[in-house]
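Everything on this sheet refers to the single structure shown next.
The values are calculated or read from the model by the stated rules, or taken from the named source; none is laboratory data. Since this is a predicted model, take the numbers as computed values, not measurements. Backbone-built Cβ (ideal geometry, glycine too); neighbour counts: all protein chains shown.
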Amino acid sequence: MNFSNLHRKDFVQHLSSHHFDLLVIGGGITGCGIALDAALRGMKVALIEKNDFASGTSSRSTKLIHGGLRYLKQLEVKLVHDVGSERAVVHRNARHVVIPEKMLLPIVEDGSLGKNSSSLGLLVYDLLAGVKKDERRKMLNKHDTIKAEPLLATDKLVGGGLYFEYRTDDSRLTIEIAKSAFANGATLLNYTESTNFIYDKSQKIVGVKALDKISNKEFEIKATSVVNACGPWVDLLRKEDNSLKGKRLLLTKGVHIVFPYKKLPLQQAAYFDVGDGRMIFAIPRNNITYVGTTDTVYNQSIDAPQCSKEDAEYILKATNKIFPSVNLELKDIVSSWAGLRPLIYEEGKSASEVSRKDEVMISDSGLISIAGGKLTGYRLMASKIVDLVGKRMGKDFGKSRTKTFRLSGGDFSSDIDFQNSLELYLTEGREVDIPTDKITEWFYRYGKNTSYLIGIVKLLKTSEMDRVFDSAELQYSIEHEMVAHPADFLIRRTGKIFFDRINTEKHLQYLNQLLSQQLHIEDTFSQKNLEEVKEEFKAAVSFE
Ligand code: FAD
């Protein structure tokens, strides 16, 4: 069976008729990471996600695999060491979606970072993360900083530091982890919400009641251990379990706004001081440049955080200050996203001061909840939880195997193998008239699974080449990536809403029609899906 909603009935049947060692609730990077770690150790694992995989915070981050330079200032040395060292591991295991990226830290007069302290800070950052000697930070004088990024304001500039990070696509990384978990025996189902816990006579959790949001039918899933990996929703499940005591979540909102590359044509990704104690990233990526993020305490609906006009104006102001010649306005924004950080509340600390460390909470009923942390540290969090689950079960499942496990699409032995594979797909693509930039785009999205897409193109017959590529990609995502709704494809499998919104909007109707045909969706639901995805496209550029 493929990882496809075409088999949904079989998945529901499997989930309701088996007893699992572990049930994970929440299909963000934390939950999918746990499912993969547990499956690789031979546990019987189930995972349910109430919407789509990565539809929560895991598709709304800054999309960096980073050590968190900022946390060094807060003296979070262990956190920087742990996640910093993890960057190279995450890259090695998924080279197609975790790509090295040089980051420029401009240093300005009267800024919060001096020349010497930045030089030392960046060096400590590299050393803590075990960065190779030739990849360590390079300090630049004013002239070379301007050469690295000519759009920088020069009046107060005194120099800069170039250091090493990685960029990713958060939701693609999550889906590659989910696919890998499935390929190793886990059963993962999206659009399935945990609605109630099931307890035994001694009030221990033995499973959940789950709602299949596509058929609208309820069923039960039984498991020895249940992990709540619901990110910003973690406390709602703890409340449901009557165990919301002691540590609680503090949700903070972070937004990113997207400009066409020609409006903000950065030569170089940058991490800059806003002047109010906050730092912001500006990251060029193909035809766009995105900038963010904010960090404000959030008390509204968890399900649909939005970028407000105030958020957008804050980022615009900071961007225009550091890159003064670009004169960006609200109307230049072509897309945006907003996410919620599920942080652990600390008395007397502001949103940006609260630690990004992860925290595990175990209730009297046995519910294991995990929150906080970073995308970058997902593997370490997963291994910690699965160790704990094994220990509580009193069974030896061995040690985590994820450190050297290559994720779906990422099975490359080295950077050379990575480059050679790209060349191979380019040649294969040329034979069926797939342009170089399309193959390259697919390769950085699907890695070695690009071969499936080329295979689909060979079989598809239509005269409109543009549509052949969209159709092939959609077909792959339906057959191998559990797409059930157009938004799954356009937001979380391909990021088209963020990185190519204007072009994609033109094809919405066609893509929805194709998806409805392939998944046998009735007309009324198909129409509803189309309206919903149109709303998402509108929301990405309406700031209220
Ligand atoms: P989520 O991704 O939110 O997943 C939880 C899932 O649980 C959701 O999909 C939700 O639908 C599901 N769920 C909820 N209730 C139920 C239920 N009852 N039944 C079934 N499912 C349910 N980290 C980095 O390493 N690098 C970065 O650059 C970075 N930038 C960030 C920028 C911002 C603005 C934010 C907000 C965070 C950033 N982070 C970054 C942190 C990182 O994004 C998060 O730590 C991570 O995505 C959290 O993942 P999660 O799986 O815990 O939560």
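Numbers at a glance
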quantity	calculated
Per-region count, the stretch 270-311, residues among the charged types (D, E, K, R) and part of a loop (DSSP other than H, G, I, E, B)	4
Residue that is surrounded by the most Cβ atoms within 10 Å (Cβ to Cβ) [pool: residues in the stretch 358-376 that are within 11 Å of the ligand (Cβ to nearest atom) and outside any strand (DSSP E or B)]	Thr376
Lone qualifier among Tyr446, Tyr425 - being of a type outside the set (S, T, N, Q), surrounded by 19 or more Cβ atoms within 10 Å (Cβ to Cβ), over 20 Å from the mean Cα position of the chain (by Cα) and not assigned by TED's automatic domain parsing to the domain that holds Phe20	Tyr425
Test: residue in the stretch 67-86 that is in contact with a helix residue (DSSP H, G or I) (Cβ under 7 Å, 6 or more places away or on another chain), within 10 Å of the ligand (Cβ to nearest atom) and among the acidic types (Asp, Glu)	yes
Residue match in the stretch 1-11 (condition: out of contact with any strand residue (DSSP E or B) (no Cβ under 6 Å at 6 or more places or on another chain), outside any strand (DSSP E or B), in contact (Cβ under 8 Å) with a residue 12 or more places away in the chain and closer than 25 Å to Leu236 by Cα)	no
Those residues of the stretch 385-438 which are of a type in the set (A, V, I, L, M, F, W, C), farther than 27 Å from Cys230 by Cβ and assigned to a helix (DSSP H, G or I), in sequence order	Ile416, Phe418, Leu422, Leu424, Leu426
Tabulated pairs, the stretch 283-309, first surrounded by fewer than 16 Cβ atoms within 10 Å (Cβ to Cβ), second acidic (Asp, Glu) and assigned to a loop (DSSP other than H, G, I, E, B), C-beta under 8 angstrom, 6+ apart or interchain	Asn287/Asp500; Lys309/Glu544
When residues of the stretch 286-298 are limited to those that are modelled with pLDDT of 95 or more and more than 13 Å from the ligand (Cβ to nearest atom), the one nearest to Asp500 (Cα to Cα)	Ile288
Within the stretch 21-61, tally of residues that are more than 6 Å from the ligand (Cβ to nearest atom) and in a strand (DSSP E or B)	7
Residue match in the stretch 348-356 (condition: under 28 Å from Lys115 (Cβ atoms), within 11 Å of the ligand (Cβ to nearest atom) and assigned to a loop (DSSP other than H, G, I, E, B))	yes
Set Glu86, Glu49: member being surrounded by fewer than 24 Cβ atoms within 10 Å (Cβ to Cβ) and of a type outside the set (A, V, I, L, M)	Glu86
When residues of the stretch 312-328 are limited to those that are in a loop (DSSP other than H, G, I, E, B) and in contact (Cβ under 8 Å) with a residue 40 or more places away in the chain, the one surrounded by the most Cβ atoms within 10 Å (Cβ to Cβ)	Phe323
Residue that is surrounded by the fewest Cβ atoms within 10 Å (Cβ to Cβ) [pool: residues in the stretch 243-280 that are away from the ligand (no atom under 15 Å from the Cβ) and among the aromatic types (Phe, Trp, Tyr)]	Tyr261
Positions within the stretch 304-324 being out of contact with any Phe, Trp or Tyr (no Cβ under 8 Å at 6 or more places or on another chain) and hydroxyl-bearing (Ser, Thr, Tyr), in sequence order	Tyr314, Thr319
Test: Leu407 is crowded, with 20+ Cβ neighbours inside 10 Å, away from the ligand (no atom under 12 Å from the Cβ), modelled with pLDDT of 95 or more and within 20 Å of Arg92 (Cβ to Cβ)	yes
Positions within the stretch 384-401 being within 15 Å of the ligand (Cβ to nearest atom) and closer than 23 Å to Ala129 by Cβ, in sequence order	Lys384
Enumeration of residues in the stretch 473-519 that are of a type in the set (A, V, I, L, M) and touching a Phe, Trp or Tyr at 6+ places or on another chain (Cβ under 9 Å)	Leu474, Ile478, Met482, Val483, Ala484, Leu490, Ile491, Ile497, Leu508, Leu511, Leu515
Any pair with Cβ under 6 angstrom, 6 or more apart, that starts in the stretch 193-206 at a residue that is closer than 19 Å to Leu47 by Cα and within 16 Å of the ligand (Cβ to nearest atom) and ends at one that is of a type in the set (Gly, Ala, Ser) and not in a loop (DSSP other than H, G, I, E, B)	Ser194/Ala210; Ile198/Gly207
From the options Leu113, Leu6, residue that is more than 10 Å from the ligand (Cβ to nearest atom) and either polar (S, T, N, Q) or more than 27 Å from Ile497 (Cα to Cα) (or both)	Leu113
